[in-house]
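Following: one structure in structure tokens, then a few remarks.
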């Protein structure tokens with residue numbers, strides 16, 4: 001099984017996200033992450049979907065998406081040809097005994113403490129999912145209170161864009 005990331009350019013209309021997510025559900029495809037937002041052209045939204053499967057599943061997903069009237073374009077984002085990032089907010093216990101250790105992990109991973117309280121710290125970290133997973137593994141010993149992950153966002157490298165593909 002391989003991890004795939006696809007960018008789906010859709011018309012920015014009410015209910016489009018629900019129809020796309022429902023297609024995955026009806027077909028029994030599992031979504032690892034899904035992010036959506038308006039593009040530089042407010043007429044369109046971009047849905048970035050990460051899923052695990054094989055080439056057959058990827059082909060089926062793209063085929064089903066292409067049949068949807070609000071889907072304008074689909075682009076597979078290959079790891080080497082794309083910039084892929086995720087944002088995570090993680091709240092951990094603020095224990096004075098571990099203060100130096102916490103600061104070291106935050107510095108090494110180029111994370112930021114964005115909220116400081118006497119009993120808890122909220123840390124922001126961005127990067128590839130493997131970096132995020134490694135960070136989470138290291139801060140587990142301090143006591144994780146809560147985690148919020150955005151899911152993957154990705155852009156192809158270079159000057160091309162998903163909108164330039166359709167124009």
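Extending 7 Å from Cα along the Cβ direction at residue 23 and again at residue 76 yields two label points whose distance is 1.6 nm. What percentage of all Cα-Cα pairs in the chain are separated by more than 19 Å? Summing the P(r) of the chain above 19 Å gives 61 percent of all pairs. A Gaussian network model of the chain, with springs between Cα atoms under 10 Å, assigns the largest mean-square fluctuation among 108, 147, 132 to 108. Picking from 26, 157, 110, which is most flexible by a Gaussian network model of the chain using Cα springs under 10 Å? Sorting by GNM fluctuation, first place goes to 26.
Length gained on full extension, residue 93 to residue 41, computed as 0.36 nm times the residue gap minus the Cα-Cα distance: 14.5 nm. Shape descriptor for segment 70-167: Rg over Rh equals 1.14 (Cα atoms; Rh from the Kirkwood inverse mean 1/r). Report the Stokes-Einstein translational diffusion coefficient (µm² s⁻¹, integer) for segment 2-76, Rh taken as the Kirkwood radius over Cα pairs, at 20 °C with viscosity 1.002 mPa s. Value of D from the Cα-based Kirkwood radius: 174 µm²/s. Within segment 96-112, what residues put their amide N at less than 14 Å from the label point 7 Å along the Cα-to-Cβ vector of residue 134? Answer for segment 96-112: 105-111.
Note on residue 56/residue 163: beta-carbon distance plugged into 1/(1 + (r/R0)^6) with R0 of 30 Å gives a FRET efficiency of 0.55. Placing R0 at 30 angstrom, the Cβ-Cβ distance between residue 101 and residue 150 gives a FRET efficiency of 0.70 after rounding to 0.05. Projected label points at residue 116 and residue 31, each 7 Å from Cα along the beta carbon direction, are separated by 3.8 nanometres. Our helix-only sum for the chain, with -39,500 (n - 2.57) per DSSP H run of n ≥ 4 divided by its residues, gives a mean residue ellipticity at 222 nm of -8000 deg cm²/dmol.
For segment 140-167 and segment 64-123, what is the separation of their Cα centres, given in Å? What the calculation gives is 9 Å, centre to centre.
Bear in mind that the values in this text are calculations on the coordinates, not laboratory data. The shown structure was predicted, so the numbers you read here are calculated from the model rather than taken from an experiment. Don't worry about glycine lacking a Cβ; one is built from the backbone with ideal geometry, like all the others, and counts go over all protein chains shown.
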